[in-house]
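To keep things clear, I will list the structure first and then write my remarks on it.
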Amino acid sequence: MGGYAAYEKYLIVRYVLAPVLAENDAHYALVVGNITQPKTDSQQFLCQHSLTLMTDLGDGLLLLKGTPR
Amino acid sequence: MNASLLLSILPPLTLSFLLAGLWGPGPHPFRSYFLLKVCLAVGLALGISSCTYFGWLLIGGPSRMGLIVSEGTLFIAAAGLLFYTLKKRTSHGDSELFQESTPNPSDRWMLPVLFVCAIVALTTALTRFVFLSLAVPHGDIDALTIWNLRARFLARGDEQWLDSFTGLLTTRVPDYPLLLPASIARWWTYIGDEPTVIPALVAMLFTFATIGLAASALGRLRSRGQGLLAGVVLLGTPFLIRHGASQYADVPLGFFILATLVAFCLYERADGYRDGLLAMAGLMAGFSAWTKNEGLFFVPIVILARLLVVVPARGWLSYWNEMRVFAVGLLPVLLIVFFFKIHVAPGLSPILAEQGSTTMIERLADFSRYAEAGQAFLRKAARFGHPGLVVLLVYLLLVGCRKNDTDRPAIRHTAVTLGLMLAGYFMVFIVTPHGVRYQIETALDRLWIQLWPSVVFLFFLFVKTPEEAMAESAGRSKFDVRKFEVDQS
């Protein structure tokens, strides 16, 4: 979740999704997930962050439903 | 795509070439100084069309057909008006700006050799540029997070294009002006698609127009050999090509700084219609402010430098007359920049916004910051450009500086402007709230590249031409032979 590499990925997401505004935060109605670590348990990760899977786009890319703050 | 691409490029380019013909130097509006006018026209076309696109977004909204029709009408009407004015004034009354140097035997081989060197350097630089652009098709990180991101908002955003200037889009530079993003977005809008070749093409145009402008201006102001040498030095500056391909705005800003200074130098030398060159200088300075915030700093600097050079030599009236014409080119663009800053993207750059008055004074009084920034500037000056300033200084020692005073005011103005710009950048490093080390690591190279083409231009304006050096050397040899014969007899 952290580190500059993750931040760079966020910047790329923001570039790809423009003009939709993407924030570097999971507390929104729509969340883009990028799970790149094969060992990550997706279900556990989603529960932990109160996220619900909407669409699995493949290659670890997920469209998720989040809980707005 | 090809027809749309041509439709997006040709009308503003034709209009700009006509404008460069009307305002530019030389006895004939089109034939004289062709390469110089083409290079100026490239910058003018991108500057003017970015302004018309921004105007259309404000007035007409994001309608592709509306943009094409309204811009087409505007450009054709303006081109017609310019063409009519040009036809009425067939001659500028300018003589050629420089006299061909007396041919000497060394010119026969030196110019072709320099020409071959320039062609090899150009081919290498173009190839490198293409490969670098292919490696990062969306540009480096700042292009991705500032320039091309904003271009996407403008081109894709419909009614939401203004969102990219709100606090919602977390970016450190919300108020960066729009010349580059609007140029890219305009082409994307014409094409109806977002090919990555467009930002790369814009970057390529600016990079090679900068080199072409420096070389062609020196080719006319000094000599062909001098222009070719300057071209080879700039083409052989690896960071200029690499940074150009990164799609940042520093190379475009460097183009407009150079174009302003070149227009002033040509103005000093012209002996016929001169006001156009002052208006051109104003327009180019305005576009520098429309490219990056550093351009907003350049505008008062260039005006101040003019005051420091012109007033002691020719008085206040001469300065006032110059500035009136300079403002004709500058003010329309500056009004657009201020409108953008006040109504579209209000806010300050972080370097100003994150300052506290007390801390700024503390920073100014901290001499360790001056030492750290000074060392970094000197190190950069010695290394920059591979071979950099050191090799240029060695060249100066070998051939010496020019002897005639023809361009003294132009050299002074260029030198004072660049000196003040460097001093200004240095002070930014002192007062930065982000730490001197951070600023050195992230900004120094980029700031240098903004000024480097103008530094090379100034250097070759000042130093003796290879033709002069060769002629002198040949003259000295003849003198030695004659002296030997006299001694023998």
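Just a few scattered comments:
Residues checked against (1) open to solvent by 70 Å² or more (accessible area, probe 1.4 Å); (2) over 11 Å from the mean Cα position of the chain (by Cα); (3) more than 14 Å from chain B (Cβ to nearest Cβ):
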position	(1), (2), (3)
A:A18	no, yes, no
A:N24	yes, no, no
A:A29	no, yes, yes
A:T40	no, yes, yes
A:G58	no, yes, yes
A:L64	no, no, yes
A:P68	yes, yes, yes
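- Condition met for B:A200 (at pLDDT 90 or above, surrounded by 16 or more Cβ atoms within 10 Å (Cβ to Cβ) and within 12 Å of chain A (Cβ to nearest Cβ)): no
- Residues that are over 27 Å from B:N404 (Cβ atoms), among the hydrophobic types (A, V, I, L, M, F, W, C) and surrounded by fewer than 22 Cβ atoms within 10 Å (Cβ to Cβ), drawn from segment B:209-240: B:F239
- Any hit, segment B:158-171, residues being acidic (D, E), part of a loop (DSSP other than H, G, I, E, B) and over 20 Å from B:A41 (Cβ atoms): no
- Subset of segment B:151-179 (residues that are modelled with pLDDT of 85 or more, more than 7 Å from chain A (Cβ to nearest Cβ) and open to solvent by 10 Å² or more (accessible area, probe 1.4 Å)): B:A155, B:Y176
- Candidate set from segment B:124-138 (those that are of a type outside the set (A, V, I, L, M, F, W, C) and more than 10 Å from chain A (Cβ to nearest Cβ)); member that is farthest from B:Q247 (Cα to Cα): B:T124
- Test result for B:F83, surrounded by 17 or more Cβ atoms within 10 Å (Cβ to Cβ) and either in a helix (DSSP H, G or I) or on the phi > 0 side of the Ramachandran plot (or both): no
- Residue match in segment B:253-266 (condition: buried (at least 24 other Cβ atoms within 10 Å of the Cβ) and at positive phi): no
- Just one of the listed residues (B:L40, B:L44) is modelled with pLDDT of 90 or more, under 20 Å from B:G231 (Cβ atoms) and open to solvent by less than 10 Å² (accessible area, probe 1.4 Å), namely B:L40.
- Meets criteria (small (G, A, S), surrounded by fewer than 16 Cβ atoms within 10 Å (Cβ to Cβ) and either closer than 27 Å to B:S32 by Cα or in contact (Cβ under 8 Å) with a residue 24 or more places away in the chain (or both)) for B:A289: no
- Tally of residues being under 14 Å from B:G276 (Cα atoms) and in contact with a Gly (Cβ under 6 Å, 6 or more places away or on another chain) across segment B:23-48: 3
- Residue check for A:Y4: surrounded by 14 or more Cβ atoms within 10 Å (Cβ to Cβ) and within 12 Å of chain B (Cβ to nearest Cβ): no
- For A:S50, the test of being at pLDDT 85 or above and more than 14 Å from every other protein chain (Cβ to nearest Cβ) is passed.
- Residue in segment B:300-323 that is closer than 23 Å to B:D250 by Cα, open to solvent by 10 Å² or more (accessible area, probe 1.4 Å) and free of Cβ contacts under 8 Å to residues at least 40 places away in the same chain present: yes
- Number of residues in segment B:386-406 that are out of contact with any helix residue (DSSP H, G or I) (no Cβ under 6 Å at 6 or more places or on another chain), closer than 29 Å to B:F297 by Cα and either part of a helix (DSSP H, G or I) or open to solvent by less than 20 Å² (accessible area, probe 1.4 Å) (or both) equals 2.
- Considering the conditions (1) in contact with a helix residue (DSSP H, G or I) (Cβ under 8 Å, 6 or more places away or on another chain); (2) of a type in the set (S, T, Y); (3) farther than 18 Å from B:A345 by Cα, B:T73 is excluded by exactly one of them, (1).
- Of all the numbered requirements in (1) modelled with pLDDT under 90; (2) away from chain A (no Cβ under 14 Å); (3) in contact with a Phe, Trp or Tyr (Cβ under 8 Å, 6 or more places away or on another chain), B:V69 misses one, and that requirement is (3).
- Which listed residue, of B:L461, B:L447, is in contact (Cβ under 8 Å) with a residue 24 or more places away in the chain, surrounded by 16 or more Cβ atoms within 10 Å (Cβ to Cβ) and under 18 Å from B:L240 (Cβ atoms): B:L447
- A single entry from B:L389, B:L378, B:L396 fulfils the requirement of being under 25 Å from B:D445 (Cβ atoms) and at pLDDT 85 or above: B:L396.
- Test: B:L213 is more than 22 Å from B:L461 (Cβ to Cβ) and part of a helix (DSSP H, G or I): no
- In segment B:360-385, residue surrounded by the fewest Cβ atoms within 10 Å (Cβ to Cβ) [restricted to those that are of a type in the set (G, A, S) and under 27 Å from the mean Cα position of the chain (by Cα)]: B:A382
- Selection count where residues are of a type outside the set (K, R) and within 9 Å of chain A (Cβ to nearest Cβ), scope segment B:139-150: 5
The values are calculated or read from the model by the stated rules, or taken from the named source; none is laboratory data. Fair warning: this is a prediction, and the values are worked out from it, not measured in the lab. Note: ideal-geometry Cβ built from the backbone for every residue, glycine included; neighbour counts use all protein chains shown. Quick note on the areas: whole protein, heavy atoms, side chains included, nothing else; ligands and nucleic acids left out. Shrake-Rupley method; radii C 1.70, N 1.55, O 1.52, S 1.80 Å.
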